[in-house]
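We did not get these values from a lab; they are worked out from the coordinates using the rules stated. No experiment lies behind these values; they were computed from the predicted model shown. Because the Cβ atoms are built from the backbone with ideal geometry, glycine has one as well, and the counts that use them run over all protein chains shown.
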Amino acid sequence: MNFAYVFKIAAAVFGVFVATGVTSVAADTYRVDPVHSAVIFRIQHLGVSDAFGRINDPSGSFFLDEADPGKNSMEISVNTHKVDTANDKRDKNLRSPDFFNVEEFPSISFKSREFEKTGVKTYRITGDLTMLGVTKPLTVTATRV
């Protein structure tokens, strides 16, 4: 298993802010709507082209407080069995022990530790990514939609 490669995939997976149609600016807790949400990712293929995929039905919640971004938090999990790149052979490979090892590790999760507001709708989110039984720190850039 190439853990560095898998970690890059996971970083891409959690480098997006799951779109839920939130328009409120009031502090509140929101649940990810699995019907209208997906985690989208891109994998570079042989340095020549990109393959795009998605993991459907993410779960989790996030707390947003525009007035005090330091209170913001996010917890998201995806079921790795649901990886979909529109290519059955590639999906089977991603589910194999060489990558996501879905039989032993059926989910990938991210839990924030710190939110930093970097723009009107942008954030730098630092947290812990857990995949393949290993937890590592990860910082992602996110855009509120």
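If I stretch the segment between residue 71 and residue 107 completely, what's the gain in nm (0.36 nm per residue apart, minus their alpha carbon distance), one decimal? The partial results should precede the final answer.
Numbers: separation 36, 0.36 × 36 = 12.96 nm, distance 2.61 nm.
Going from the current span to full extension adds 10.3 nm.
Please arrange 144, 31 by counting, for each residue, the other beta carbons lying within 10 Å of its beta carbon, fewest first.
31, 144
Working from label points 7 Å from Cα in the Cα-to-Cβ sense, the residue 52 to residue 36 distance is 2.1 nm. Listed by chain and number, the lysines whose C-alpha is less than 19 Å from the C-alpha of residue 121, apart from same-chain residues fewer than 8 away, are 71.
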